[in-house]
Amino acid sequence: MTGPLAGVRIIELSGLGPTPYGVMLLADLGAEVIRVDRVAAAQGKPGTEVTNIGMSRNRRSIAIDLKSPAGLQVLLELVDTADVLVEGFRPGVAERLGFGPDVCLARNPRLVFARMTGWGQNGPLADKAGHDINYAAVAGALYGIGRRGEPPPPPMNLVADFGGGGTFLALGVLAALFERQQSGAGQVVDVAMVDGVASLTAYLHGLLRIGIWNRERANNLLDGAAPFYDTYETADGRFIAVGPIEPQFYERFLAVLRLDPAEFPQHDPASWGAQKQRLAEIFRQRTQEEWVRAFADVDACVTPVLTPEEAPHHPHLAERGTFVDVAGVPEPAPAPRFSRTPGTIRRPAPAYGEDTVAILTELGYGAQQIAELRASGAVAVAQDGAMAQGGLDTATGAN
């Protein structure tokens, strides 16, 4: 096994969005991950699985009924072997099921117990449901996104789920593992998407403090007000992204468009509206590809807006191998990159319960014991139900 996290074992209670993404980041960097899936999912019961394409690679899967005493015992034995446990249940659910932090850390004092939620483990909203749009809204991030005079649009679910959630989950686990090297002790990591999103707005609070950010949408340098930091439609209905903020790039940008700098003063907000209208007219005169060629040899921060299907084929991303083929599906490659211990994609997403028998055998269970666990419904294997559909990446819900 390769990667800077080789030798780290993670037990992942299967969940949605931010949890599998954060664990994917760790798995790509070499961590061994055992995902605990629902028995019902391994049995192929409708409504028990959620497809998370591209986020469940580099795992093995064991299907356990956590409400079964025998199933809970299997999980706790896995905890005994682990460095990290990641769960994405609502606050208190893990405790009610019998594997809360107190129980797990008593068995394994070196365990990092990472908890992924939207609102965090405490506070008035801790027990409430929510999604990316809600966490971004309450944290103050959503308010500034969008066009002037229009409601803030949902920024897909990249801001809270993956930016403030999964990425901060990976960061928290890594920090706790590093601290454990000094103290020898594990701890609980409370990862709340609303906290992560709030952290992402640190620079906005700095700008507000010194009075150079206007609260009105599309009225600031980087929120779509400036004509030199926006997107424009091209003749073929595609789009170009423009971002020449620095004066040297702006000068080259205007040169390609054959515009007089005197008529396009960069930092004159009063003229930005007219400038943007003129730029929109100019960019609609050529296709996206024609503009790409026009700026190909010019350092002016101008790029095409690509679809997800096109991105893997962009010359720069193709040369760097930013996307890789996983079981016939393009997926983002492991990131970041390491000179000595590169991350790898070692296996595609497993079927629910695909590795149940192998993992139980590693824990010391005999064939008869495994048969009894299966017969009682405490565990299940993929052959008991449906395999992963078409090799797609899958994970079950955790609420």
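Rule-based calculations on the coordinates, nothing more; no lab input. Model, not experiment: these values are computed from the prediction. Ideal geometry is used to build each Cβ from the backbone, glycine not excepted, and the neighbour counts take in all protein chains shown.
Structure notes:
- Charge dipole of the chain (Cα centre as origin; +1 on each Lys and Arg Cβ, -1 on each Asp and Glu Cβ, all else neutral): 440 debye, rounded to the nearest 20.
- Relative to the longest principal axis of the Cα atoms of the chain, helix 167-183 runs at roughly 60 degrees.
- Entry note, the chain: the mean residue ellipticity at 222 nm calculated from DSSP H runs of n ≥ 4, each adding -39500 (n - 2.57), is -9500 deg cm²/dmol after division by the residues and rounding to the nearest 500.
- Cβ crowding within 10 Å ranks LEU29, LEU78 as LEU78, LEU29, fewest other Cβ atoms first.
- Förster radius 35 Å - calculated FRET efficiency between GLU372 and MET156, Cβ distance, rounded to 0.05: 0.15
- Distance (nanometres) between label positions extended 7 Å along Cα→Cβ at GLU77 and HIS313: 5.1 nm
- Spacing of the two label points (7 Å from each Cα toward its C-beta) at ARG147 and LEU171, in nm: 3.3 nm
- Förster radius 25 Å - calculated FRET efficiency between LEU125 and LEU207, Cβ distance, rounded to 0.05: 0.40
- For the chain, the relative contact order comes to 27 percent (Cα pairs under 8 Å, sequence separation of at least 6).
- Annotation: extensible slack from ARG258 through THR322 equals 19.6 nm (criterion: 0.36 nm per residue apart, minus Cα-Cα distance).
- The length gained on full extension between ASP268 and GLU95, counted as 0.36 nm times the residue separation minus their Cα-Cα distance, comes to 56.5 nm.
- Sorting the segments 356-368, 251-263, 35-47 by their residues' average number of neighbouring beta-carbon atoms within 10 angstrom, most packed first, yields 35-47, 356-368, 251-263.
- The modelled label-to-label distance between ALA70 and ARG346, using points 7 Å beyond Cα along the C-beta direction, is 3.0 nm.
- Considering only PRO269, PRO334, PRO154, the Gaussian network model of the chain with Cα springs below 10 Å gives its largest mean-square fluctuation to PRO269.
- Lysines whose Cα lies under 24 Å from that of LYS128, excluding same-chain neighbours fewer than 8 positions away: LYS67
- Residue order, fewest to most surrounding Cβ atoms within 10 angstrom, among GLU77, GLU12: GLU77, GLU12
- Cα long-axis angle, helix 269-283 against the chain (0 to 90 degrees, to the nearest 10): 80 degrees
- When each of TRP213, TRP119 is scored by the number of other beta-carbon atoms lying within 10 Å, the sequence from fewest to most is TRP213, TRP119.
- Volume per residue that the Cα convex hull of the stretch 239-304 spans, once the total is divided by residue count, Å³: 80 Å³
- Volume in Å³ per residue [convex hull over Cα atoms, computed for the chain]: 175 Å³
- Candidates ASP132, ASP297, ASP28: whichever shows maximal mean-square fluctuation once the chain is modelled as a Gaussian network with Cα springs under 10 Å: ASP297
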